[in-house]
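Heads up, the thing below is written out as structure tokens.
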Amino acid sequence: MTRSHVITAGLALCCVLLGFRAVAISIKRYTAHRDLQTAQDAIAQAQAANERTKSDLTRMQQPAWLALLARDRLGYAQPGETDVVVYKSGNSGTISQPQAAIDGRSSLRKWWDWLLGNQRPRD
């Protein structure tokens, strides 16, 4: 192998190593940028939550809100107010039966008659 071949091989190896290094730097840069964006999003969410908490705190310190909360928790009513208690009934989860058709035809039959133009006269 001649001296020029050795130098060429050495330069090619350096170029390959530099290429790998450039790719590694690009990957690190991309992940750092992604991590920075994630951290900025988390900061923005925390700031929004902080603002909501501040507004809630301001609202909660108002006497009208405190009176409303106390009346709600203690079950009190101001003069002129009506206190309403709603209880869940035992059959509140049941589904009522569908109402019978007025003319006795099924829905499918009504659609079929409508499509064919066979309308029954109204009573």
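Read-outs: derived from the displayed coordinates by stated rules, not from any lab. Just so it is clear, the model here is predicted, and its values are computed rather than measured.
In order along region 44-53, the Karplus-derived 3J(HN,Hα) couplings, from 6.51 cos²θ - 1.76 cosθ + 1.60 at θ = phi - 60°, round to 4, 5, 5, 5, 5, 5, 5, 5, 4, 5 Hz, and Gly and Pro are given as x. An ellipsoid equivalent to region 1-77, defined through the eigenvalues of its Cα gyration tensor, has semi-axes of 70, 9, 4 Å when rounded to whole angstrom and sorted largest first. Size descriptors for region 29-74 (Cα atoms only): Rg and Dmax, in that order, 18.6, 59 Å.
Quick check: from the Cα gyration tensor, does region 50-91 come out rounded (a/c under 1.5), prolate or oblate? Oblate, because a/c is 1.5 or more while a/b does not exceed b/c.
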